[in-house]
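Some notes on the structure that comes next.
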Amino acid sequence: MTNLDGYVLRKLSGQPYLLPYGQNIATFRRGLKLNETGELICRALQEGKTKEELPAILAEHFEADQSELPILKTDIEHFLAQLHALGITGQPSPRLYFPADATHSFRIGTITLQLNMEEELISKEFFPFQINAMESHSPFLPADAIPPADLTVSVHFVQPVQRPVGKILVHNEELLIMETDSCYGLIFLTSPDISVCYMDKKAHTACFYCRRRNSETLREELFHGIRFAFLLAASRKGLYAIHSASILYKEKAWLFSAPSGTGKSTHAKLWQEQYDTPPLNGDLNLLGMEDGKPVVYGLPWCGTSGIFTEKTYALGGVIFLQRDTSDHVRTLTPDARSLMLSQRLISPTWTREMLGSTLDFCEQLASLITSFTLCCTAKPTAANVCRAAIDTALLDRTAR
């Protein structure tokens with residue numbers, strides 16, 4: 001069946017036109033002025049008639065006999081070819097995959113995330129964050145209430161009809177990020193399953209265009225892809241993610257941050273073995289403010305550690321790790337603390353404005369928490385030195 005989706009048949013002052021609407025206007029599809037034959041064909045197509053039924057419909061309207069059918073068929077072929085040449089037909093209409101029973105809502109930090117996709121496409125790490133009856137016990141909400149989504153993620157299983165052209169913001173071997181007047185586009189250069197994600201600039205919606213519905217790796221690819229959209233939405237609400245392993249000590253979260261391979265997971269494990277401190281996340285933590293005090297929110301993304309929590313904790317401090325041949329602490333100036341925090345964040349800094357907001361947050365945070373550099377080995381003494389420095393910092397803050 002020839003598809004005329006996205007077009008309306010309309011007379012203007014008695015003259016019939018086939019006019020685009022919606023996405024067809026956004027992608028600059030052309031309209032077409034019609035004669036009587038073209039109007040009949042388009043009306044029949046919009047009523048669901050097939051190409052094979054068109055000759056009989058035109059013959060009846062024009063009262064043509066059998067000898068004139070070849071001429072009518074030729075006219076039909078020429079007109080359909082014109083529709084195709086103009087891009088009116090032959091292009092699949094992009095469709096979001098929004099099955100009514102496949103909407104799942106999650107609360108991560110202060111972000112309500114809605115995933116509109118089949119459950120088998122959602123990583124198991126999301127489900128501890130799923131909004132359930134426990135969260136609806138607030139006296140201000142009905143029992144079945146779900147907060148409106150801050151970020152809605154949906155999936156296409158067709159490729160976009162037209163990719164917008166924009167300014168390149170970030171480009172590496174795996175990812176190209178571009179900006180247009182209305183959206184950000186993330187092109188996944190090495191993903192076998194996801195080609196592109198478009199996000200509106202306020203980070204309320206993100207749509208992933210996927211190549212294969214039945215891919216064995218699509219769920220994992222989406223899990224990592226959604227992180228980009230989530231971190232943009234989080235930064236819009238003043239929440240920033242830092243590459244770090246975290247533990248719970250004296251009812252506060254303490255974060256160990258360092259470049260990959262430095263030993264942050266090893267250091268967190270030393271604490272667990274010596275002081276029985278519960279691990280919170282093995283790779284990534286979300287920072288924010290509540291009532292002017294710094295907090296750490298649980299995240300489902302945790303690298304390869306498999307360690308994460310959905311709970312929220314007061315933030316005690318961020319310890320920057322640096323390999324050394326001995327274990328000792330190096331204090332940091334206020335500007336160095338702010339700078340090092342900003343360098344360890346992985347939230348988007350794609351634009352000048354994003355970087356400015358990130359630096360403002362880091363300056364505020366640095367003044368409220370304990371932070372220093374721990375030059376360390378991988379021996380148990382490293383945890384001893386770090387713990388002593390933290391205990392001293394806590395006593396100093398208490399004395400103020």
Choose one answer from Leu332, Leu359, Leu374: the residue with the largest mean-square fluctuation in a GNM of the chain with alpha-carbon springs under 10 Å.
Leu332
Tell me the accessible surface of His84 in square angstrom (1.4 angstrom probe, heavy atoms of protein chains only), to the nearest ten.
110 Å²
In whole Hz, with x marking every Gly and Pro, tabulate ³J(HN,Hα) for the range 390-397 from phi via Karplus 6.51 cos²θ - 1.76 cosθ + 1.60, θ = phi - 60°.
5, 4, 5, 4, 5, 5, 5, 5
For the range 78-89, in residue order, the Karplus 3J(HN,Hα) values (coefficients 6.51, -1.76, 1.60; θ = phi - 60°; whole Hz; Gly and Pro = x) are 5, 5, 5, 5, 5, 4, 5, 5, 7, x, 6, 10
quick shape note, the range 17-65: Cα extents on principal axes in Å, largest first -> 43, 20, 12
Cα radius of gyration and Dmax for the range 318-400 (Å)
14.6, 43
With labels modelled as points extended 7 Å from the Cα through the Cβ direction, what inter-label distance (nm, one decimal) is found for Glu63 paired with Ser367?
9.0 nm
Arrange the residues Leu321, Leu394 by how much accessible surface each exposes, largest first, with a 1.4 angstrom probe.
Leu394, Leu321
Roughly speaking, what is the centre-to-centre gap between the range 349-400 and the range 252-304 when only Cα atoms are used, to the nearest Å?
12 Å
Given 0.36 nm per residue, what is the gain on full extension from Lys201 to Glu119 after removing their alpha carbon distance, in nm?
26.8 nm
Quick one: which residues, 5+ away or cross-chain, put their amide H under 5 Å from the amide H of Ala253? H built at 1.01 Å from N.
Ala314, Leu315, Gly316
Residue-normalised value, i.e. accessible area per residue, for the range 1-73 at 1.4 Å probe, in Å², stands at 64 Å²
Taking a probe of 1.4 angstrom, what is the accessible area of Glu353 in Å², to the nearest 10?
130 Å²
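With a 1.4 Å probe and all protein chains left in place, how much of the accessible area of the range 309-389 comes from carbon and sulfur atoms, in whole percent?
Details: 2100 of 4000 Å².
Its accessible area is 52 percent carbon and sulfur atoms.
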Contour minus Cα-Cα distance for Asp391 and Arg213 (0.36 nm per residue)
58.8 nm
On full extension of the chain, what length is gained from Thr50 through Lys73, given 0.36 nm per residue of separation minus the C-alpha to C-alpha distance?
7.0 nm
Residues Asp291 and Ala378, FRET efficiency given R0 of 35 Å [Cβ-Cβ distance, rounded to 0.05]:
0.35
Between Leu345, Leu12, Leu355, where does the largest GNM mean-square fluctuation fall for the chain, given springs only between Cα atoms within less than 10 Å?
Leu12
If I take the Cα coordinates of the chain and project them onto the principal axes, what are the three extents in Å, biggest first?
101, 45, 40
Quick one: compute the contact order of the chain, relative version, from alpha carbon pairs under 8 angstrom and 6+ residues apart, as a percent.
10 percent
Taking placed amide H atoms and a strict 5 Å upper bound, the residues 5 or more places from Asn285 or on another chain that come that close are Ile242, Ser244
Sparse-neighbourhood loop hits (chymotrypsin sites (Phe, Trp or Tyr not before Pro), the range 177-241; DSSP loop; Cβ within 10 Å at most 16 others) -> none
222 nm mean residue ellipticity, helices alone, for the chain (DSSP H n ≥ 4; -39,500 (n - 2.57); rounded to 500)
-9500 deg cm²/dmol
At 7 Å along the Cα-to-beta-carbon direction for both His171 and Ala336, put a label point, then send me their distance in nm to one decimal.
3.7 nm
For a protection proxy built on the mean count of beta-carbon atoms within 10 angstrom, sort 170-176, 200-206, 113-119 highest first, please.
113-119, 200-206, 170-176
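The values are calculated or read from the model by the stated rules, or taken from the named source; none is laboratory data. Since this is a predicted model, take the numbers as computed values, not measurements. Here Cβ is always computed from backbone atoms with ideal geometry, including for glycine, and neighbour counts include all displayed protein chains. Accessible surface areas use protein heavy atoms only, side chains included; no ligands, DNA or RNA. Shrake-Rupley method; radii C 1.70, N 1.55, O 1.52, S 1.80 Å.
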